[in-house]
1. Take residue 76 and tell me if it is within 18 Å of residue 25 (Cα to Cα) and touching a helix residue (DSSP H, G or I) at 6+ places or on another chain (Cβ under 9 Å).
2. Inside region 39-102, counting only helices (runs of 4 or more DSSP H) that do not spill past its ends, which hold 2 or more residues that are within 14 Å of the chain's Cα centre (by Cα)?
3. Please go through region 69-88 and give me each residue that is surrounded by 12 or more Cβ atoms within 10 Å (Cβ to Cβ), without any contact (Cβ under 8 Å) to a residue 40 or more places away in the chain and more than 9 Å from the ligand (Cβ to nearest atom), ordered by number.
4. Report, by residue number, each residue of region 1-18 that is touching a strand residue (DSSP E or B) at 6+ places or on another chain (Cβ under 9 Å) and closer than 12 Å to residue 90 by Cβ.
5. Go through (1) at pLDDT 90 or above; (2) loosely packed, with under 14 Cβ neighbours inside 10 Å for residue 9 and report which single condition fails.
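The values are calculated or read from the model by the stated rules, or taken from the named source; none is laboratory data. This one's a predicted model, so the numbers in the text were calculated from it and none came from an experiment. For neighbour counting, all protein chains shown are included, and Cβ atoms are generated from backbone atoms with ideal geometry for every residue, glycine included.
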Amino acid sequence: MPAPLGREIAATGSMGICLGCHGFGDYRQVPIPADEPAAYAFAPDLLLAMEKLETNYFINYLRDPPYLQPGSRMPKLALNKQQLEELRELVLTVKEAIAAGQLQPVHNYYRMQKRTGEAAKP
Ligand code: HEC
């Protein structure tokens, strides 16, 4: 992560909300709770989301995730216009940094594993 981008993320107040659930490349890794190793990985790496999602879709998703993606596990956050605007700026900056080769999203294997025990029964 280039230092100026790290500073921009830190300065984007609404990203603080996101990072409670999401990782962002090597800027923030998602901690893995030892007692529930299979249930931690639902919120995807936001760097990958910013790389792959079209900017308007990304912002519209934030307005009401379960509306745009029924069954979404991300709650509606009631972000205001200003927060959505600063997140749009950040998405554009991140896309530019990826296009310029300054930022390299790392695609890890999905951390999915077969469920065992009660939860595995249909
Ligand atoms: C309470 C936890 C939580 C918070 C806070 C949160 N998210 Fe999420 N987010 C999730 C989860 C869980 C998913 C996966 C939804 C699913 O697939 O069911 C998700 C999915 C997403 C996706 C869709 C990714 C994809 O690949 O389709 C985007 C984009 C996203 N979040 C952006 C954000 C942003 C930006 C913020 C901060 C403004 C934020 N999220 C805050 C939990 C959260």
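1. no
2. Of the helices (runs of 4 or more DSSP H) lying wholly inside region 39-102, those with at least 2 residues that are within 14 Å of the chain's Cα centre (by Cα) span 46-52, 55-63, 81-99.
3. Those that are surrounded by 12 or more Cβ atoms within 10 Å (Cβ to Cβ), without any contact (Cβ under 8 Å) to a residue 40 or more places away in the chain and more than 9 Å from the ligand (Cβ to nearest atom): 76, 85, 88.
4. 9, 15, 18
5. (2)
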